1. Is one or more of the residues making up segment 30-42 modelled with pLDDT of 95 or more, surrounded by fewer than 16 Cβ atoms within 10 Å (Cβ to Cβ), within 12 Å of the chain's Cα centre (by Cα) and within 19 Å of GLN12 (Cβ to Cβ)?
2. What do you reckon, is ASN80 among the polar types (S, T, N, Q), at pLDDT 95 or above and over 22 Å from SER16 (Cβ atoms)?
3. Is one or more of the residues making up segment 46-66 open to solvent by 60 Å² or more (accessible area, probe 1.4 Å), hydrophobic (A, V, I, L, M, F, W, C) and part of a loop (DSSP other than H, G, I, E, B)?
4. Would you tally the residues in segment 67-88 being assigned to a strand (DSSP E or B) and of a type outside the set (Lys, Arg)?
5. Across segment 1-19, what is the number of residues that are touching a helix residue (DSSP H, G or I) at 6+ places or on another chain (Cβ under 7 Å), within 19 Å of LEU83 (Cβ to Cβ) and open to solvent by 30 Å² or more (accessible area, probe 1.4 Å)?
Amino acid sequence: MSTAIQLSSHLQEQFSRYSIPELITFNNDIVENRGWGTSRSTFRNAILKALAKKGIDLSPIISKEDGFSVIQIVKVRLENNSLVPLRN
């Protein structure tokens with residue numbers, strides 16, 4: 001198993017223990033800080049998967065374009081059990 005897959009699995013397991021507000025705060029910190037390098041997307045993916053497993057609607061920040069899923073890299077807030085992008 002590759003290191004990236006191991007890291008992703010580990011993060012998903014760890015993030016399942018976080019509360020929804022903690023996951024949202026972590027997402028917003030990751031989006032705001034550009035210094036994460038190549039691990040940034042792995043961390044954010046694990047956060048979003050944890051939120052989805054907790055029943056949070058991610059559709060306001062995820063769309064399909066030309067057959068590809070596009071995930072907005074934006075800060076979010078929770079509104080009516082749905083992630084809402086924060087606009088600067």
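1. no
2. Considered against the rule, which asks whether it is among the polar types (S, T, N, Q), at pLDDT 95 or above and over 22 Å from SER16 (Cβ atoms), ASN80 comes out as yes.
3. no
4. 11
5. 3
The values are calculated or read from the model by the stated rules, or taken from the named source; none is laboratory data. Computed from a predicted model, the values in this text were never measured in an experiment. Cβ: placed from backbone, ideal geometry, glycine included. Neighbour counts: every protein chain shown. Quick note on the areas: whole protein, heavy atoms, side chains included, nothing else; ligands and nucleic acids left out. Shrake-Rupley method; radii C 1.70, N 1.55, O 1.52, S 1.80 Å.
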